[in-house]
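Q: Before anything else, here's the structure in question.
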Amino acid sequence: MSSPAPLTRLLRRLGRLLEPLLAPDAEARRDREDRLLAQVRELRGGLRELSEQAAAQRAELKRAQDVRAADAAETQARLADLRGGVRRQAAALGRLARRAGIEAGLELTERRVLDRLDRLRRSGRPIIIGPWTGEIGFELLYWIPFVRWVVEKYALPADRLIVVSRGGAKEWYAGLGSRDIDVFSVASPDEFRARTEAVKKQRFMGAFDRELVRRVQLKLGGEGASLLHPALMYALFMPFWKQQAALPRVTDHARYRRIEQGTPPAGLPPLPPEYVAVRFYFSDCFPDTPGNREFVSSVVASLAEHSEVVMLNPGFRVDDHVDYTEAARSRIHTIDMSGHAAENLAWQTSIISRAKAFVGTYGGFAYLAPFCGVNAVAFYSERTYFVYHLELAQRAFADVRGGTLEALHVENAALLRTALSGLAAVSRH
């Protein structure tokens, strides 16, 4: 097939010849179109340039924003660090201020107590020491050592001192004073229990204390006397119990001494030549539960298999402890103190001091045994006591070359028995 090119060229030439006749403005229109096309191309170029500029500006803006964000984040971090530092400094200053306030309070309290003691020294009058109506543990571990320190520091002569405690505890105060008056000589055990049951800590001189002091003074023939009351000891030692002061708060103001074995009290029944003293009672740390009753029975029975056992059951209640009563067995001896309220502590001290060991509830009597030079094992099932009392007691026992005290949870007793049984089995082979 032949190419259409000659015909096409012919037609185009004919169109140009006829164009002036058919479209007189064709050339002008073409010029306008050419100009419009040129303008469109120029606009497109401008748009591309503007678009590129805009993209560059957006990128620069993004970089600027990123820089500002980083700067802002760094500024915020610095501000947060500064705020944290200010808070830490404020907290540290607050702690220092509180500590300074506490230390100032401790110093002020100590100064007030010492001033009061110095006035006692200078008064020249007889001094009633007590009356102590509180717990046995606090009496042994804090009150009596505090009294010994006072007597030593202020050189108080024995003929001015009148010790007032209860239940025949005068051996505990050996060397402190030439006279002693037992609370049970001026008040019955029932009255004592009723009026001390609600408050055990003598932080203040209560109505019953005032009444006892009045009765003691009448017993002394109305002789006027000054008073060294347990509230002074509580004021001085309370920061240690609240863990605001270190151990020297107590040890710097206490003098410990062993309780020496004295003459057996009149009326005390004969005791076996060798025995273990046992004093179980129910308390906060050893509540009256079937499990604890079974545990006591098991311990007493186990002791009785190897040794004579003397059960210290006073037979009356003068505090918040409910005594455990064990049925009599051939090697178990129960001491009835029901008719000896005024000397029950004297009886129990005499029995414990002559024992080869003490086993019982963790508490005051567990402290009495080591102070008498007797090793003790005490049990608890609820840790309601403060460990620092036990730690101080063990330190005091070591200082006076007394006995030892091991406080065990009842659950550890079974483990101990198992371990000892295993050791015994090994030793037999």
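The values are calculated or read from the model by the stated rules, or taken from the named source; none is laboratory data. Quick caveat: nothing in here was measured; it's all calculated off a predicted structure. A quick note on method: Cβ atoms are made from the backbone with ideal geometry, for glycine too, and the neighbour counts reach across all protein chains shown.
Q: Of everything in the stretch 122-143, what is part of a helix (DSSP H, G or I) and surrounded by fewer than 16 Cβ atoms within 10 Å (Cβ to Cβ)? Give them in sequence order.
A: Arg122, Ser123
Q: Given the conditions (1) assigned to a loop (DSSP other than H, G, I, E, B); (2) small (Gly, Ala, Ser); (3) at pLDDT below 85, and given that Ser307 satisfies all but one, which numbered condition is not satisfied?
A: For Ser307, the exception is condition (3).
Q: Another question, if that's okay. Which of the residues belonging to the stretch 227-273 are among the hydroxyl-bearing types (Ser, Thr, Tyr) and over 16 Å from Glu139 (Cβ atoms)?
A: Thr251, Thr263
Q: Could you please tell me which pairs satisfy a Cβ distance under 8 Å, a separation of 6+ or placement on different chains, a first residue in the stretch 221-237 that is touching a residue at least 12 places away in the same chain (Cβ under 8 Å), and a second residue that is buried (at least 20 other Cβ atoms within 10 Å of the Cβ) and charged (D, E, K, R)?
A: Between residues of the stretch 221-237 that are touching a residue at least 12 places away in the same chain (Cβ under 8 Å) and residues that are buried (at least 20 other Cβ atoms within 10 Å of the Cβ) and charged (D, E, K, R), the close pairs are His229/Asp209.
Q: Quick one: which helices (runs of 4 or more DSSP H) sit completely within the stretch 144-229 and have at least 2 residues that are touching a His at 6+ places or on another chain (Cβ under 8 Å)?
A: Those helices (runs of 4 or more DSSP H) span 144-153.
Q: On to the next question. Pairs, please: C-beta under 9 Å, at least 6 apart or cross-chain, first residue touching a residue at least 24 places away in the same chain (Cβ under 8 Å) and in the stretch 156-168, second of a type in the set (Lys, Arg) and surrounded by fewer than 24 Cβ atoms within 10 Å (Cβ to Cβ)?
A: Listed by first residue and then by second, the contacts come to Leu156/Arg121; Arg160/Arg125; Leu161/Arg179; Ile162/Arg179; Val163/Lys170; Val163/Arg179.
Q: Which residue, of Ala245, Ala304, is touching a residue at least 12 places away in the same chain (Cβ under 8 Å), closer than 27 Å to Gly360 by Cα and not charged (D, E, K, R)?
A: On inspection, the qualifying residue turns out to be Ala304.
Q: Which ones in the stretch 274-297 are hydroxyl-bearing (Ser, Thr, Tyr) and either surrounded by 21 or more Cβ atoms within 10 Å (Cβ to Cβ) or modelled with pLDDT of 90 or more (or both)?
A: Passing the criteria: Tyr275, Tyr281, Ser283, Thr289.
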